[in-house]
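The values are calculated or read from the model by the stated rules, or taken from the named source; none is laboratory data. What you see is a predicted model; the values in this text were computed from it and never measured. Positions of Cβ are generated from backbone atoms using ideal geometry, with glycine treated the same way; all protein chains shown enter the neighbour counts.
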Amino acid sequence: MTTRNQQTNFITDLHETSRHLFWYGLILMGLGSIGIILPVSMTFALEFFFGFIILIAGVFQVLTWYRLRSIPRIFTLGIMGTLLIYIGITFIGEPVSGVLTLTSLLIIYLVFKGITEVYLSVSFKGLGNNWWMMNGLCSLALAYLVFSGWPSSAFWSIGLLIGINLFVTGLSLLMVSFSIKSTNANL
């Protein structure tokens, strides 16, 4: 009897999970669509959000330094916190500079990611190396695409890439949700 109850609970949990995944997937697809349709707006919204997070982190770091200021050599916490506050305020107050900075970091990340994945694909033959190679080359191509359109590409690239990522992630969650529902029907 316990096995039957466990199976019933498992099926109920799967059904409940599929419903959450369905709605979460739809929300991510909606946010992703906004990024795809309005990439510049999404880029600046993300830049502002990033600046705000850095500002908050800086405030908490300065508060931590203040509470621990009697400990020798802890002043570096205060310096780093002040620097984070400055960066956060700069991102919020100078959004164009913030977007250019974030896009520069994105290009650097994509180049290193691409080089690493190409290297891994050459180093580990037979372990999905074709997928690593494809992913690495796509990362390098994206880095080139964003860099070649610099600086105007800075204003749409982050929003568009995050929008596409959100949309595809949402679509994946939706498909997993449908897969769970079809599994429930077969149990």
Only one of Ser104, Ser172, Ser139, Ser121 is crowded, with 20+ Cβ neighbours inside 10 Å and either under 19 Å from the mean Cα position of the chain (by Cα) or not in a helix (DSSP H, G or I) (or both). Can you tell me which?
Ser139
Among Phe155, Phe178, which is among the aromatic types (Phe, Trp, Tyr) and closer than 25 Å to Met42 by Cα?
Phe155
Please identify the pairs in which a residue from the range 149-177 that is within 12 Å of Leu31 (Cβ to Cβ) has its Cβ atom under 9 Å from the Cβ atom of a residue that is at pLDDT 85 or above and assigned to a loop (DSSP other than H, G, I, E, B), counting only partners at least 6 apart or on another chain.
Gly159/Leu38; Gly163/Leu38
Let me confirm something: among Leu110, Leu55, which residue is crowded, with 17+ Cβ neighbours inside 10 Å, assigned to a helix (DSSP H, G or I) and at pLDDT 95 or above?
Leu55
